[in-house]
Amino acid sequence: MINLKNLLEGILKELEILKGDRTIHTDLDDIAAAGDEELLKRAFTNIIINAVNHTGLSGNIYISLKQNGKWAVISISDDGPGIDERDLPYIFNRFFSKDKKRAGGLGLAIANEIVMMHSGRIEVKSKKGSGSVFTVILPSVP
């Protein structure tokens, strides 16, 4: 059993240097999930790094962890430039990246595969010019 709150707090501590002057706001409830802690850590790290990379140097990132019925709902949102509507269907494809100067386009693809391995899913809402919201939905355990 994995305490998702502790997992997310640990990731944020590890990414402290990377975030720079960006502010990360959290609202995390104590919720547990079953699965491979290292894999889930990698998935959440990839999504959070993606948010950091696409948020301005003094921007804001919001992370929440809430219970919704039998599901743990983890929302990671930013006030970055958003994702073009035409690109949304491809963001979980391996090697997809609009910015060729950044990573090789594997982070979100890997995160999506890990979440699906845990019987979950990732939903994305984004509007060009107003940021993105990545919502990870995983089965929780009592």
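Quick note: the coordinates plus some simple rules give every number you see, no bench work behind them. Treat the numbers as computed from the prediction; the structure is a model and nothing was measured. With ideal geometry, Cβ positions are generated from the backbone for all residues, glycine too; neighbour counts draw on all protein chains shown.
Below are the figures for this structure:
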read-out	value
Förster radius 25 Å - calculated FRET efficiency between E85 and S58, Cβ distance, rounded to 0.05	0.40
The range 2-141, relative contact order in percent, only Cα pairs under 8 angstrom and at least six apart counted	27
Surface/4 estimate of mean projected area, convex hull on alpha-carbon atoms of the chain, nm²	7.9
Pair K70, L15: separation of 7 Å Cα→Cβ label points (nm)	2.9
Ranked packing of 71-81, 130-140, 57-67, most packed first, by mean Cβ within 10 Å	71-81, 130-140, 57-67
Placed amide H near K127: partners under 5 Å, 5+ positions off or other chain	I83
Difference of contour (0.36 nm per residue) and Cα-Cα distance, D30 to V124	31.5 nm
Under 14 Å from the Cα of K125 - aspartates and glutamates, other chains or at least 8 residues apart	D78, D79, D84, E85, D87
